[in-house]
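K.L.:
Mind looking over this structure? Questions follow.
The values are calculated or read from the model by the stated rules, or taken from the named source; none is laboratory data. Since this is a predicted model, take the numbers as computed values, not measurements. As a convention, Cβ positions derive from the backbone with ideal geometry for all residues, glycine included, and neighbour counts pool all protein chains shown.
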Amino acid sequence: MSERTFSRPVRILRTALAASWAMLSLGVFIPLALLALPVDRRQRVHDVCSVLWARGILALVGARLVVRGAEHVSRDEHYIIVANHQSILDAMVMVAALQPLTSVRMVARRGAFRIPLMGWGMRLFGHISVDPRSMRASLPGLQQAQQGVARRWSTVFFPEGTRSEDGRMRPFHNSAFHIASRAGVRVLPVTVSGSFDVMPRHSSWALRKGTVHVLIHPPMGPLEQTHDAAVAASTACHQLIEAALPRSPSEAPLPVSA
């Protein structure tokens with residue numbers, strides 16, 4: 001369960017410290033990863049730096065990370081990773097939980113790529129820009145995601161498209177599942193719980209300390225290369241992730257067999 005609510009000054013201070021770390025650390029991590037590229041074509045330095053960056057943010061806002069199901073992830077395989085979306089912290093949660101297990105790149109809204117330093121780093125290291133309002137504008141990013149997962153790394157989608165208003169799941173878009181089908185890779189479902197209590201959508205500040213639980217389910221697929229197979233996988237994945245969500249977003253997700 002999450003701990004007591006922060007006072008307003010503490011909320012502001014912790015969030016300001018996290019934001020400062022998020023920006024200032026990138027001033028070191030991005031040049032370091034770029035300098036390493038000539039001898040680090042697999043971008044392992046980027047992966048290590050991204051974990052340090054994400055864990056620093058989570059620690060400063062008071063979020064403790066607990067990961068279950070790591071045994072379902074193989075370093076020899078790339079996945080389309082799909083997760084529910086409770087909070088702005090979820091991108092950091094996915095990086096901190098999954099980057100040590102399989103090299104991951106994020107699918108993010110186009111606006112994130114306009115943020116100084118962070119957006120530049122995302123473009124340089126293969127993260128994927130999409131526009132949820134326009135499928136046509138998103139096509140280049142989705143094609144990039146398909147090529148990336150087939151050749152280089154796992155790709156993280158939040159197929160709800162936006163953060164939950166109340167901790168409950170929204171319907172899934174099917175793009176991630178079509179990409180998995182066409183790329184011939186398996187889908188890795190992930191249930192996230194607790195980030196909503198730490199920093200929900202309606203808040204600009206970290207509200208309280210809390211534990212963020214990540215439950216990694218067994219992979220699904222590979223999928224047949226048909227529209228119906230992608231839609232069926234989307235429905236099944238939504239049901240699996242939702243069934244594992246606790247009644248309260250702050251509690252640990254329930255283990256569910258695939």
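K.L.:
Checking the structure you have, find out if any residue of segment 112-129 is of a type in the set (K, R) and either assigned to a loop (DSSP other than H, G, I, E, B) or within 24 Å of H238 (Cα to Cα) (or both). Steps first, answer last, please.
P.N.:
Our first condition is that a residue be of a type in the set (K, R); within segment 112-129, this holds for 114, 123.
With the extra rule that they be either assigned to a loop (DSSP other than H, G, I, E, B) or within 24 Å of H238 (Cα to Cα) (or both), the set shrinks to none.
No, because not a single residue in segment 112-129 is of a type in the set (K, R) and either assigned to a loop (DSSP other than H, G, I, E, B) or within 24 Å of H238 (Cα to Cα) (or both).
K.L.:
Those residues that are surrounded by fewer than 20 Cβ atoms within 10 Å (Cβ to Cβ) and not polar (S, T, N, Q), I need them from segment 222-239; list them, please.
P.N.:
The first filter runs over segment 222-239 and keeps only residues surrounded by fewer than 20 Cβ atoms within 10 Å (Cβ to Cβ), leaving 222, 224-229, 231-232, 235-236, 238-239.
Scanning segment 222-239 gives P222, E224, H227, D228, A229, V231, A232, A236, H238.
K.L.:
A further question on this structure: Can you say whether R170 is surrounded by fewer than 20 Cβ atoms within 10 Å (Cβ to Cβ) and within 25 Å of R44 (Cβ to Cβ), as far as the supplied structure shows? Don't jump to the end; show me each part of the working.
P.N.:
Working: surrounded by fewer than 20 Cβ atoms within 10 Å (Cβ to Cβ): yes; within 25 Å of R44 (Cβ to Cβ): no.
Here the answer is no, as R170 does not meet what is asked.
K.L.:
I need the helices (runs of 4 or more DSSP H) fully contained in segment 1-72, keeping only those with at least 3 residues that are within 19 Å of the chain's Cα centre (by Cα) and surrounded by 13 or more Cβ atoms within 10 Å (Cβ to Cβ). Step through it out loud before you land on a result.
P.N.:
On the way: elements: 8-24, 26-36, 44-61.
So the answer is 8-24, 44-61.
K.L.:
Report yes if R114 is without any contact (Cβ under 8 Å) to a residue 12 or more places away in the chain and surrounded by fewer than 18 Cβ atoms within 10 Å (Cβ to Cβ), otherwise no. Reasoning before the result, please.
P.N.:
Values: without any contact (Cβ under 8 Å) to a residue 12 or more places away in the chain: yes; surrounded by fewer than 18 Cβ atoms within 10 Å (Cβ to Cβ): yes.
When the stated conditions are applied, R114 passes them.
K.L.:
Which numbered condition in (1) surrounded by fewer than 23 Cβ atoms within 10 Å (Cβ to Cβ); (2) out of contact with any Phe, Trp or Tyr (no Cβ under 9 Å at 6 or more places or on another chain) is the only one that Y79 fails?
P.N.:
All conditions pass for Y79, except number (1).
K.L.:
For segment 242-252, state whether one or more residues are touching a His at 6+ places or on another chain (Cβ under 7 Å), on the phi < 0 side of the Ramachandran plot, in a loop (DSSP other than H, G, I, E, B) and modelled with pLDDT under 90. Explain how you work it out, then say what you get.
P.N.:
Our first condition is that a residue be touching a His at 6+ places or on another chain (Cβ under 7 Å); within segment 242-252, this holds for 252.
Next, from what is left, pick out any that are on the phi < 0 side of the Ramachandran plot: 252.
Then drop every residue that is not in a loop (DSSP other than H, G, I, E, B), which leaves 252.
Retained after the next criterion (residues that are modelled with pLDDT under 90): 252.
Yes.
K.L.:
Here is a further query. Would you be able to tell me the number of residues in segment 65-94 that are closer than 16 Å to T191 by Cα and in contact with a strand residue (DSSP E or B) (Cβ under 7 Å, 6 or more places away or on another chain)? Can you show your working first?
P.N.:
Quick first cut of segment 65-94, residues closer than 16 Å to T191 by Cα only: 65-73, 79-94.
If we keep only those that are in contact with a strand residue (DSSP E or B) (Cβ under 7 Å, 6 or more places away or on another chain) as well, we get 65-70, 72-73, 79-84, 86, 89-91, 93-94.
Total satisfying the criteria: 20.
K.L.:
From R114, R123, which residue is in contact with a Phe, Trp or Tyr (Cβ under 9 Å, 6 or more places away or on another chain) and more than 28 Å from R64 (Cα to Cα)?
P.N.:
Details: R114 fails: in contact with a Phe, Trp or Tyr (Cβ under 9 Å, 6 or more places away or on another chain).
From the options R114, R123, the qualifying one is R123.
K.L.:
May I ask you to say which residue of D166, D228 is farther than 13 Å from H85 by Cβ and without any contact (Cβ under 8 Å) to a residue 40 or more places away in the chain? Reasoning before the result, please.
P.N.:
Working: D166 fails: farther than 13 Å from H85 by Cβ.
The conditions single out D228.
Matching residues to (1) more than 30 Å from P218 (Cβ to Cβ); (2) β-branched (V, I, T); (3) at pLDDT 95 or above:
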position	(1), (2), (3)
T15	yes, yes, no
E71	no, no, yes
I88	no, yes, no
L124	yes, no, no
P132	no, no, no
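K.L.:
Sticking with this one: Considering only segment 185-204, I want to know if a residue exists there that is among the polar types (S, T, N, Q), within 21 Å of H173 (Cβ to Cβ) and in contact (Cβ under 8 Å) with a residue 60 or more places away in the chain.
P.N.:
Yes, there is a match, as at least one residue in segment 185-204 is among the polar types (S, T, N, Q), within 21 Å of H173 (Cβ to Cβ) and in contact (Cβ under 8 Å) with a residue 60 or more places away in the chain.
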